[in-house]
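Each remark here refers to the structure printed beneath this line.
The values are calculated or read from the model by the stated rules, or taken from the named source; none is laboratory data. Every value quoted in this text rests on a predicted model; they were computed, and no experiment measured them. No Cβ is skipped: glycine too gets one built from the backbone with ideal geometry, and neighbour counts run over all protein chains shown.
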Amino acid sequence: MKSIRIGNSSGFWGDDPEALRRQLSGEPLDYISADYLAELSMSILAKAQTDDAQKGYVPDFIEHMVSVADLLKNVNTRIVTNAGGNNPYGCAVELQRRYHELGISLKIAIVEGDNMMPHISYLQATGNPLRNIDTGKLFEKSAIAEHLQSANIYFGVQPLLKALQYDAQVIITGRASDSALTMAPIIHHFKWQLNEWDKMGAAMIAGHIIECGAQATGGNFTDWKLIQNWKNFGFPIIEMYEDGSFLVTKQPHTGGMVTVNTVKEQLLYEVGDPSHYISPDVIANITELNIEQVRTDVVKISGAKGSPPTPFFKASMAYQDGYKATGSLMITGADAVEKAQIMIDALWDRMSCSFERQYAEMVGYNACHLGMVQQPNANSPLKNKFYPNEILVRFHACDHDKNKLNVFSKAIAQLILNGPQGVAPTGGRPTIQKIFAYWPALVKKEDIEFTVTYINERGERQENSLLKHHDTAIQEVVDTATQVADKPIDTAFNLAEDSEELTLRTLCLARSGDKGNNSNIGVIARNDVIYAYLKEQLTASYIRTIFQDHCKGKVLRYEIDHLKSFNFILTETLDGGGTRSLRIDAQGKTFAAALLNQVVVVPKRVLHSLSEK
């Protein structure tokens, strides 16, 4: 059966610089996708371009490509990346220049048009209110528009398909949807029609599984102790077949592992409603997938379903929202937590001004989550007796008045000699930083135009194509959450006779991620018996209780019976998310570990199922 092999070499800006070499050095790949962008990356790149008009792209990509020039010139592998950021053309020109210095010819195609900044007024005039899709707030000129730093839509496969028609080895885009970088080569290779919805859904799911780099091959994995090799960590590869089934694997002799559970964890990462996983090109349904281990480090996926997309692109906008400063002190010795609290109270009491937001956290105690909480039995041998002997206290202040933060930045050092014993300084005076807040919105696809350009070996624009996204069909989406909870509860798991206490990690796996100010936690039961038990006990209200100190909104639960899994969405949970958040874990990445650390009472009949074949 006809097939295509696509690997991934980057899941974010800052990922393993050797991953691209490992992918090119192993078994042949038709394509490599490289994702460098997160929600607020575009604001960082926009600022870089303001300082230097030739910048605005991800410089790491250039270095990664130069480092593998010796390999790339001898293979037929094509690279598809969103590293162009706010300036795909500048990225292409710089890459051409560096390869020319090496005496290597390189053909590049670029996709532009995702940048909304020059068109905000036009988009509003044509019926795009740019309302915040998380909060429902209006796009008010005084609060948002005048302070915009970046505004980009997540485009889909159609301009990428045009770029792939050029004889280019590298395709550089701006803010494409993450999965589109993989979807487009698959669709181009098989010449699928854009209304073959199940195949489109399969391509999207494949792209989602590999878009976050090594998270599909054992990175950030619940059962991390199973991994034998942490060196030369393998990045994921998908081998897609013409019928829409595909394999997930990695290069031989690389670290990590590919199992049903590593793939399931990534499958549930940063999704909303799993029956309606929305992209610009298709809405995928992951609830009916068949996932099986066919051999070591090879997992087969089939049964993907897809349906028509919505008529909108998602837009990611970032605006400056004041300033912040962060400073820290190390508190050591006996009673470290008590001394840290004295330090926190003392700082705020001594301040000569108040702030719009202020916050302090004790790293090593409560910064990410408060150890094991909500235990049903106070006399449990697993009862938390956590007495840290060192605490890193992080102090944060935010305000639109920069002068107030100057006062704050000078106040922390005095605590070194004016507080309890055992304090160590951890750095100089806090620096004052701009805050960029995230504003997600929707834009009608019909109002966006894209330019696809072929860049010749001299860095010149040689061929241009102007196009708009065209949908063969569209649909509206109805949410399918099975439970919604907006307040904590008094009790956790029900007490049961003939039971044992243990942590949830024994019963399930989990991974957490973020979308703006919301977090998701995907939970995977270890077998059918446990899933049936967790379906009764692991409620939205229970999750709301565990994270009551963080979650200020609702918790939604989605059930995925076929995969013995749940997806929980925790709204208003990340203190604004991104750079607006004052928490050390601004993206909720540690929430899964916090959940798995909870002590629960479980009937022995459920535990016995773990030893049954």
Among what's in segment 447-466 and is under 24 Å from VAL282 (Cα atoms) and among the hydrophobic types (A, V, I, L, M, F, W, C), pick the residue that is modelled with the lowest pLDDT. LEU466
Considering only segment 416-452, state which residues are of a type in the set (A, V, I, L, M) and either loosely packed, with under 14 Cβ neighbours inside 10 Å or touching a helix residue (DSSP H, G or I) at 6+ places or on another chain (Cβ under 8 Å) (or both). ILE416, LEU417, VAL423, ALA424, ILE432, ILE435, ALA437, VAL443, VAL452
If only one of ILE455, ILE474 is of a type in the set (A, V, I, L, M) and within 30 Å of GLY127 (Cα to Cα), which one is it? ILE474
From the list GLY90, GLY84, GLY56, exactly one residue is within 28 Å of TYR319 (Cα to Cα) and touching a Leu at 6+ places or on another chain (Cβ under 6 Å). Which is it? GLY56
Hey, GLY103 hits all of (1) free of Cβ contacts under 8 Å to residues at least 60 places away in the same chain; (2) in a loop (DSSP other than H, G, I, E, B); (3) crowded, with 16+ Cβ neighbours inside 10 Å but one; which does it fall short on? (3)
Go through segment 223-273 and report how many residues are crowded, with 22+ Cβ neighbours inside 10 Å and part of a strand (DSSP E or B). 8
Given segment 148-222, what helices (runs of 4 or more DSSP H) lie entirely inside it while holding 3 or more residues that are among the β-branched types (Val, Ile, Thr), under 24 Å from the mean Cα position of the chain (by Cα) and crowded, with 24+ Cβ neighbours inside 10 Å? 197-210
For segment 316-369, how many residues are of a type in the set (Lys, Arg), closer than 13 Å to ALA397 by Cβ and crowded, with 18+ Cβ neighbours inside 10 Å? 1
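A quick yes/no check of all residues on (1) surrounded by 19 or more Cβ atoms within 10 Å (Cβ to Cβ); (2) under 27 Å from ALA441 (Cβ atoms); (3) of a type in the set (Val, Ile, Thr):
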| site | (1), (2), (3) |
| --- | --- |
| LEU507 | yes, no, no |
| ASN518 | yes, yes, no |
| ILE524 | yes, no, yes |
| ASN527 | no, no, no |
| ASP549 | no, no, no |
Could you tell me whether any residue of segment 86-108 is closer than 22 Å to LEU442 by Cα and under 24 Å from the mean Cα position of the chain (by Cα)? yes
Out of all the residues in segment 448-471, is one or more in contact (Cβ under 8 Å) with a residue 40 or more places away in the chain, over 30 Å from GLN158 (Cα atoms) and out of contact with any Asp or Glu (no Cβ under 8 Å at 6 or more places or on another chain)? no
Please tell me if LYS444 is at pLDDT below 95 and under 31 Å from the mean Cα position of the chain (by Cα). no
Do you know which of the residues in segment 571-613 that are farther than 21 Å from ARG557 by Cα and basic (Lys, Arg) is surrounded by the most Cβ atoms within 10 Å (Cβ to Cβ)? ARG580
Per the filter on segment 248-293, residues under 21 Å from ARG526 (Cβ atoms) and hydroxyl-bearing (Ser, Thr, Tyr) are THR259, THR262, TYR269, THR287
Residues in segment 306-364 that are among the charged types (D, E, K, R) and in a helix (DSSP H, G or I) total 5
Among the residues of segment 298-315, write down those that are within 30 Å of GLN475 (Cβ to Cβ) and surrounded by fewer than 22 Cβ atoms within 10 Å (Cβ to Cβ). LYS300, SER302, GLY303, LYS305, SER307, PRO308, THR310, PRO311, PHE312, LYS314
Scanning segment 467-480 residue by residue, those surrounded by 17 or more Cβ atoms within 10 Å (Cβ to Cβ) and modelled with pLDDT of 90 or more turn out to be HIS469
